[in-house]
Amino acid sequence: MVVEIREQDKLTNPIFKIIWMVSVFNLLLSGLFLYAGEYVLGEEILSDSVGSSKDINNDVMLTENEVVTIVFKTEEPYSRSELLKIVIVDSKNIERSWEKDFYGSTIGGSRGSERGAKGYFSFTPEVSGMHHIKISNADFQTNVKLVSGMVNPREQPFLLATLFVSFLVMAAGILSLKEGAIKEFIRFRSFSINGILNFCIALYISLVIVHNVVGL
């Protein structure tokens, strides 16, 4: 019986560690794409700003069926909001228009504790060629960036579910370990050949999951 239990432990411990590491990698990678997708994906084709007395009127080259994401940023407090108007006229002189609600952001309600607010809006050009873009009706200073080919993780339906499940698995794994087991789990000497192999397997599985969830 003792031999059977030990054999089971040898089988289940690596599996548990791989599952736990997958959940950690899912959180890290999904978080990276959630907050830094504009920097690591796509090609920036326009960077400008709008304000109460300034609109954007620019011509940009866009590619058919390649998603364009407009990234909005501001340092205004959350109490302020605006309804931006976005108009795109393609190379065939066909006009498309949208409205985008955008809010500022603040922590604690004081000006000194503000953090930058960020918003996204995506559209897909129906033809290739020069497009005219106009963004107007801003009430406060808003930085605008157009990124072609960027994947917007916030629009992926399973991203939040993946983050939530991964967090639960990671938290459950940590809570299930006693103090001595935690120290043993994080010791550097545990990075044996098997540990490195488990690390690589977990990273690969997580990359596959995030690749499908984020929509890369």
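The values are calculated or read from the model by the stated rules, or taken from the named source; none is laboratory data. Bear in mind that the values here come from a model prediction, so they are computed numbers and not experimental data. Cβ placement follows ideal geometry from the backbone for every residue including glycine, while neighbour counts extend to all protein chains displayed.
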Scanning the stretch 46-101 for residues that are assigned to a strand (DSSP E or B) and without any contact (Cβ under 8 Å) to a residue 40 or more places away in the chain, the one farthest from K134 (Cα to Cα) turns out to be D101
Taking the stretch 53-86 and the residues there that are among the basic types (K, R) and over 17 Å from S97 (Cβ atoms), the one that is modelled with the lowest pLDDT would be R80
Only unsatisfied item for K145, checking (1) of a type in the set (D, E, K, R); (2) at pLDDT 90 or above; (3) surrounded by fewer than 15 Cβ atoms within 10 Å (Cβ to Cβ), is (3)
Output for Cβ contacts, cut-off 7 Å, separation at least six or different chains, first residue part of a helix (DSSP H, G or I) in the stretch 150-169, second among the small types (G, A, S) and modelled with pLDDT of 85 or more, reads E155/S122; S166/S23; V169/S23
